[in-house]
1. When you go through (1) in a loop (DSSP other than H, G, I, E, B); (2) surrounded by fewer than 22 Cβ atoms within 10 Å (Cβ to Cβ) one by one for Glu197, which number turns out not to apply?
2. Among the numbered criteria (1) closer than 25 Å to Gly126 by Cβ; (2) polar (S, T, N, Q); (3) in contact with a strand residue (DSSP E or B) (Cβ under 8 Å, 6 or more places away or on another chain), which single criterion is violated by Thr184?
3. Is it the case that some residue within segment 235-258 is aliphatic (A, V, I, L, M) and surrounded by fewer than 16 Cβ atoms within 10 Å (Cβ to Cβ)?
4. From the list Ala75, Ala44, Ala18, Ala62, exactly one residue is small (Gly, Ala, Ser) and modelled with pLDDT of 95 or more. Which is it?
5. Suppose we filter segment 174-194 for residues that are within 26 Å of Pro73 (Cα to Cα) and either among the β-branched types (Val, Ile, Thr) or not in a helix (DSSP H, G or I) (or both); how many remain?
6. Of everything in segment 125-173 that's among the hydroxyl-bearing types (Ser, Thr, Tyr) and closer than 30 Å to Ala256 by Cβ, which residue is modelled with the highest pLDDT?
7. Restricting to segment 59-95, name every residue that is polar (S, T, N, Q) and either under 18 Å from Gln273 (Cβ atoms) or not in a strand (DSSP E or B) (or both).
8. Just for helices (runs of 4 or more DSSP H) wholly inside segment 201-308: which have at least 3 residues that are closer than 23 Å to Pro32 by Cβ?
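The values are calculated or read from the model by the stated rules, or taken from the named source; none is laboratory data. What you are looking at is a predicted structure, and each value in this text was computed from that prediction instead of being measured. We place every Cβ from the backbone using ideal geometry, glycine too, and count neighbours over all the protein chains shown.
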Amino acid sequence: MRRLWPIFTISMLSVLAAAPLAGPSAHAESFPSKPVKIILQAAAGTAPDVLGRMIAERLSQAWGQQVLIINRPGAGGLLAAQAAVAAEPDGYTLYQATTGGLIVLPVTQKLTFDVRRDFVPIGLMGEQPFFIAVAPSLGVNALPELIALAKKRPGEILYVAASRGGMPHLTAELFRSEAGIDLTFIPYPSIPQSLQEVVAGRIPMIVEAMPGLSGAIEGGSIKPLAVTSAKRLPNFPDVPTVAEFIPGFSVTAWFALMAPAKTPDEIVLKVSQSVRAVINQPELQQKFETLGAFLRATSPAETAEFIRDQQNSWWPIVKKTLPTQ
């Protein structure tokens, strides 16, 4: 026994020493072994929900495990963010973050968590620009005409966006500031209600993403003057960008996949690789384009840098535009 004990001890210590190194890697190799949930703040049927489900469906196929979309709308995205922060950091609950959750909330709400500290970036999922559109009754056919009219009638031109503090609202306020004009914001609780006011001619201007406006644009009941992306959209090649008249202007709503802090690096990397593989599928890219959106594959580090840049750019605008609660 005296001869066997040292050998036994050394062998056991070797196994124990190796276990922490093998554990996370083995966990990553078997991930996912059960369904994965993605929490998002948008309601079912909205653009972020539709785009998220497209990616979730393909992740399900790639992993052989169901990827479920969990809609947690309400409180400007606070409910979804709180649920994601409280989730177990094991990779089985992820968070589809938006500009609302990572940019607006930290400025307008006194949060019990830190969006920079309590989430780990995985990768961008997609970006979606906005249209600046008007009712035909306004009598303008180009963005410079709208700017000129607003300068002649400061504060008289009303515009609608789906909700106060949402990206359409903030985009319109940035446009107002950059163009040097005075517009009056009229908040509405939903896109259909907003659009109805413009189609009826009661409010002359709307800022919204393409899915909410496509039918009205194609039917001619509203006129798109410009799109806020850096380049013209393939499906709307005749609609100029705002940047063609205001150099450097570029705004998109974006969707980023995040994980709760302390999620193992190996899991974050595996999910990121899977998301990028899905995003690079040409068929999915084409489907996104039909919704006026585009995919953008990024690494966790690139995603972190992108979000920091967005926060640094938008936080001063949000502070100036919206009250703190």
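1. Only one criterion in (1) in a loop (DSSP other than H, G, I, E, B); (2) surrounded by fewer than 22 Cβ atoms within 10 Å (Cβ to Cβ) is unmet by Glu197, namely (1).
2. (1)
3. no
4. Exactly one of Ala75, Ala44, Ala18, Ala62 is small (Gly, Ala, Ser) and modelled with pLDDT of 95 or more, namely Ala62.
5. Residues meeting the conditions: 7.
6. In this case the residue turns out to be Tyr159.
7. Going through segment 59-95, the residues polar (S, T, N, Q) turn out to be 60-61, 65-66, 71, 82, 93.
Residues satisfying the conditions are Ser60, Gln61, Gln65, Gln66, Gln82.
8. Working: elements: 210-219, 265-279, 282-290.
Hits in segment 201-308: 265-279.
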